[in-house]
Amino acid sequence: MAEGYPTEKLLKKVIDDLDDFLPYLVLVGGWVPYLYHKHVWPRELTEENSQTGSLQSSAPLSTTDMDFGVTLVSYPGKESIADRVRNLGYGERHVFMDRMTPFIPVARGKEENERAEVEFIAVLNPPKHVHDRRVGKAIKLNNIKHFEILLENARQARFYSWEVQIPTEEVFVFHKLLTFALRENEDKKRKDLYYVYFMLRFCPDKAKLVHAVRNLIKNRKEGKPVLNNMKTCFAHKDDRGPVAIERENGNDYFINDVRQDAYDRIAQLL
């Protein structure tokens, strides 16, 4: 394994195990910035690499759990994901204490502390076959508003021997700016904003990313709530957004004032 986040090998195991389903899944959530950082962006072009020769001093990953979006593309197979993970001996976290289903698969590595929940997400009101045939009725399927934005704008990323679908950079940033305000959990809000900051800070072609996000804000109907979210939380350096990013980022070797830096980068999108 290449050097990276310790549980990257667990992600690799899950992707290996779900190989037949990869054309119908989009990896979303906190692993996306990590994959860009480690497997998509050229190492020599990232900001940190140019300064230190290493990408290890700033880890974009603040979760080990894995989230897969389920596309609406027709699935011809007979085996569901639930069948697969049960045959492979995955653990199960039961949503209800008195029932075996629905459950959330739990991937386990060789070490005792190597474990991650594997969740599956779809759009609101997906066709019945998406849950019944592809995911399997035994697995809990989350349905999220605005999730189609991620599924409709995905690209291929090489992850070892597999081609994995992940959201494009601009759509990932746009979607986080759209949905962070809907979070009830403050920790998850901070993580969402931190991922936005990370992408804007470390993307090799920052100007292109900013331009692409601004185009989405201008041309998509969801652009108005994105603007409202930014104006509400990024009105100035000491507003809730920059403060949240500073807290999630922690001490930084290169940036003396992370709060100001976060404000400046996100203000470019307004």
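General remarks:
- In the structure shown, the pairs K176/K231; K145/K221; K38/K206; K188/K208; K13/K78; K145/K188 are assessed against 19 Å; a Cα-Cα span above that value is assigned to K188/K208; K13/K78.
- Phi to ³J(HN,Hα) by Karplus 6.51 cos²θ - 1.76 cosθ + 1.60 over the stretch 179-195, Hz, x for Gly, Pro: 9, 4, 5, 7, 6, 8, 7, 5, 4, 5, 4, 4, 5, 4, 5, 5, 5
- Under 18 Å from the Cα of K140 - lysines, other chains or at least 8 residues apart: K128
- Amide proton proximity set for N143, modelled H, under 5 Å, gap of 5+: A122
- For the chain, with +1 on Lys and Arg beta carbons and -1 on Asp and Glu, the positive-most of N219, N185, A157 along the dipole: N219
- Net charge dipole, the chain: roughly 820 debye, given to the nearest 20, about the Cα centre with Cβ charges of +1 for Lys and Arg and -1 for Asp and Glu.
- Of all DSSP beta bridges confined to the stretch 103-218, the antiparallel ones make up roughly 70%.
- Applying D = kT/(6 pi eta Rh) to the stretch 168-270, where Rh is the Kirkwood radius over alpha-carbon pairs, T corresponds to 4 °C and eta to 1.567 mPa s, the Stokes-Einstein value obtained is 96 µm²/s.
- Adding -39500 (n - 2.57) for every DSSP H run of four residues or longer, then dividing by how many residues the chain holds, sets the calculated 222 nm ellipticity at -11500 deg cm²/dmol.
- Extended-chain gain in nm, criterion 0.36 nm per residue less alpha-carbon gap, Y160 and R99: 18.2 nm
- The Kirkwood radius of the chain, taken over pairs of alpha-carbon atoms, gives through the Stokes-Einstein law at 25 °C and 0.890 mPa s a diffusion coefficient of 126 µm² s⁻¹.
No lab work stands behind these numbers, since they all come straight from the coordinates. Just so you know, these numbers come straight off a predicted model, no measurement behind them. Using ideal geometry, Cβ is built from the backbone for each residue, glycine included, and neighbour counts are taken over all protein chains shown.
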